[in-house]
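This report concerns only the one structure given below.
Derivation of every value follows stated rules applied to the coordinates shown; laboratory data play no part. Just so it is clear, the model here is predicted, and its values are computed rather than measured. All Cβ positions, glycine included, derive from the backbone under ideal geometry; neighbour counts span all protein chains shown.
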Amino acid sequence: MRGKLIVISGPSGVGKSTVVKEVMAQCETLQFSVSATTRPMRPGEVDGKNYYFVSRDTFQRLIDEDQLLEYAEYVGNYYGTPVGPLDEALAAGRDVLLDIEVQGALRVKSRRPDAILIFMLAPSFQDIEARLYGRGDTAPELILGRLERARWEYTQAVNYDYLVVNDNVDKAVSEILAILKAEKCKAPERLHLLKEDN
Ligand code: 5GP
């Protein structure tokens, strides 16, 4: 059985990385899709684990060689999903989780209609602002760009399959795990159970 492609989006400041990290920790069979990006590395990030940090030239080469399933510009930097490792994992039956922004997520859905799209909301918009300013790892002028982008991203949430509110990390994590479980119980996934010799 092919693995599931799970896409999680949510504006910067929604607390998505914490939730995604916890989902990965609790679901051993899930593989995280490591994106390529031209954004500078933040303190604590590891090349090849959080992202592949690449130059603009290298990113352009990945596009030219058709090595990205999707890519998007996000507040001045490029981000893209390497297609090779993703397809390898799916073909081997492993589920893959993508943490990507809205434009990329919608592009994935159009290229892979069976992808499961989850949008993460903050309890309120003020919450997003407070978190972005409080985090201290993004320059104030970039925060304004991210807030503007967050407003636009919210308008796109209707195109997603599931909405999860991050008012509590444990709750958000368990909802995402429940979505995965339910997707695996869908009839087309389980038709083999109906065979007589089963
Ligand atoms: P950050 O710079 O905070 O790590 O990420 C900024 C945004 O880029 C986040 O919304 C994140 O989900 C998104 N992102 C990360 N990787 C990719 C990718 O491969 N493709 C797209 N379209 N967005 C990505």
- With an 8 Å cut-off on Cα pairs and a minimum separation of 6 or more residues, tell me the relative contact order of the stretch 23-94 in percent. 34 percent
- If you average the sequence gap of Cα pairs under 8 Å that are 6 or more apart and divide by the length of the stretch 53-198, what percent do you get for the contact order? 18 percent
- Message: From the gyration tensor of the Cα coordinates in the chain, what semi-axes in whole Å does the equivalent ellipsoid have, largest first, with each one equal to sqrt(5λ)?
- Response: 29, 21, 15
- Task: Go ahead and set up a Gaussian network model of the chain, Cα springs under 10 Å, then flag whichever of 158, 102, 54 fluctuates most.
- Result: 158
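Per residue Cα convex hull volume for the stretch 138-183, in cubic angstrom?
95 Å³
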- Rounded to one decimal in nm, the spacing of the 7 Å Cα→Cβ label points at residue 83 and residue 174 is 4.0 nm
- Item | Antiparallel %, DSSP beta bridges [both residues in the stretch 1-101], to 5 | 40 percent
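Out of the DSSP beta bridges found with both residues in the chain, what percent are antiparallel (nearest 5)? Mind dumping the intermediate values first?
Values: 8 of 27 bridges.
Around 30 percent antiparallel, to the nearest 5.
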- Message: Based on the alpha carbons, how large is the Rg to Rh ratio for the stretch 49-94 when Rh follows Kirkwood?
- Response: 1.01
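Expressed as a whole percent, how much of the Cα-Cα distance distribution for the stretch 1-87 exceeds 15 Å? It would help to have the intermediate numbers written out before the result.
On the way: 2409 of 3741 pairs.
Percentage above 15 Å: 64.
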- Task: Apply the Debye scattering formula to the stretch 88-134, with a single equal point scatterer on each alpha-carbon and no solvent, then give log10 I(q)/I(0) at q = 0.14, 0.22, 0.23, 0.25 Å⁻¹.
- Result: -0.52, -0.86, -0.89, -0.97
